[in-house]
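Working notes for the structure below.
The values are calculated or read from the model by the stated rules, or taken from the named source; none is laboratory data. Being a predicted model, the structure only gives us computed values, none of them experimental. Quick reminder, even Gly has a Cβ in these numbers, built from the backbone with ideal geometry, and neighbours come from all protein chains shown.
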Amino acid sequence: MEVTDKVRIFATLNQKDSMNGDSSERLSQESECREAGQYGILDEASAVALGVLKEIEALAGTTTCKSVQLVKLKKWALEQGCWFSDRTQFGEFFDRGSENEVYLSPDQKYIVKLNDFRYSDDNLTSFFERLNAHNIYFPDCAYRMIGFGENSDGKVCAVLVQRFVHSVRLATKQEVHDEFIRLGFNPEDNGEYYTNGYHDIFDAVEGNVLMGDDGHIYFIDTIIYESGTGGIDLYNSLSPRAKC
């Protein structure tokens, strides 16, 4: 994503703040992020996290390194100008889910999610893979990672931008099933999740899949794991929904 694109997006997000004369500093913070291609920050952050994983695995023989990765990513984001210290720039608080603290931009064009990596377990590799997979399968509501910040609980989070979907209602269970079949996925475990043999998609439930006012179905918030990596057990161990 070009720097000019980033500035354009955050000019929109900060439209209300500009009335108070405090938007220039916030916009400059984002524009200082290094210039890269679309989703460049996602790719670079993924490389930082992977580097930590390989180093810890070589030194200690373990893949448990999430806390170290978070420290390294915060340091990296501060160095790159992609650390957001003021959540008010994202707009009005909108919602809170099991992993995301959600804000709605003043013009209601964008959703900003602060994702606390809940479903990443002991390292962040699966999180970055999940975002890339989401953007491939659901490009109409793709994520753009623009940096990192802290949520209201003080947890280090990925800052994700997603366009606001104007919906007429929630998608029905049958509509979700039919759309997955159309995309080449099949239900497993009585519809607990869907798989295409490459990725398993969880949490495509009420509230996470919308029927847009254009008649299209939007998967705005799902959990994706690489097939064959124990995703079902990990999801069940981390999801409040699975424990209900």
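Between HIS216, HIS177, HIS166, the distinction of being over 19 Å from ARG118 (Cβ atoms) and in contact with a Pro (Cβ under 9 Å, 6 or more places away or on another chain) belongs to HIS177 only. Among the numbered conditions (1) under 21 Å from SER120 (Cα atoms); (2) at pLDDT 95 or above, the only one that LEU210 does not meet is (1). Filtered by the rule that a residue be more than 15 Å from GLN69 (Cβ to Cβ), at pLDDT below 95 and among the acidic types (Asp, Glu), the stretch 100-139 gives a lone residue, ASP107. The listed residues are ASP200, ASP178, and the only one of them that is of a type outside the set (Phe, Trp, Tyr), in a strand (DSSP E or B) and either closer than 15 Å to PHE219 by Cβ or not assigned by TED's automatic domain parsing to the domain that holds LEU78 (or both) turns out to be ASP200.
The residues in the stretch 54-102 that are of a type in the set (Asp, Glu), part of a loop (DSSP other than H, G, I, E, B) and without any contact (Cβ under 8 Å) to a residue 40 or more places away in the chain can be counted, and the count is 1. Condition check: within 18 Å of the chain's Cα centre (by Cα) and assigned to a helix (DSSP H, G or I). Does TYR218 satisfy that? The answer is no for TYR218.
Screening GLU150 against (1) within 22 Å of TRP76 (Cβ to Cβ); (2) buried (at least 22 other Cβ atoms within 10 Å of the Cβ) leaves a single unmet condition, (2).
For (1) in the same structural domain as ARG118 (by TED's automatic domain parsing); (2) modelled with pLDDT under 95; (3) in a loop (DSSP other than H, G, I, E, B); (4) hydrophobic (A, V, I, L, M, F, W, C), each residue gets a yes or a no:
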{"position": "GLY191", "(1), (2), (3), (4)": "no, yes, yes, no"}
{"position": "GLU206", "(1), (2), (3), (4)": "no, yes, yes, no"}
{"position": "ILE232", "(1), (2), (3), (4)": "no, yes, no, yes"}
{"position": "TYR235", "(1), (2), (3), (4)": "no, yes, no, no"}
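Scan the stretch 217-234 and report the pairs whose first residue is under 19 Å from GLU179 (Cβ atoms) and whose second residue is basic (Lys, Arg), with Cβ atoms within less than 6 Å and a gap of 6+ or a chain change. Qualifying pairs under 6 Å: ILE224/ARG130.
The residues in the stretch 103-115 that are of a type in the set (Lys, Arg) and not in a strand (DSSP E or B) can be counted, and the count is 1.
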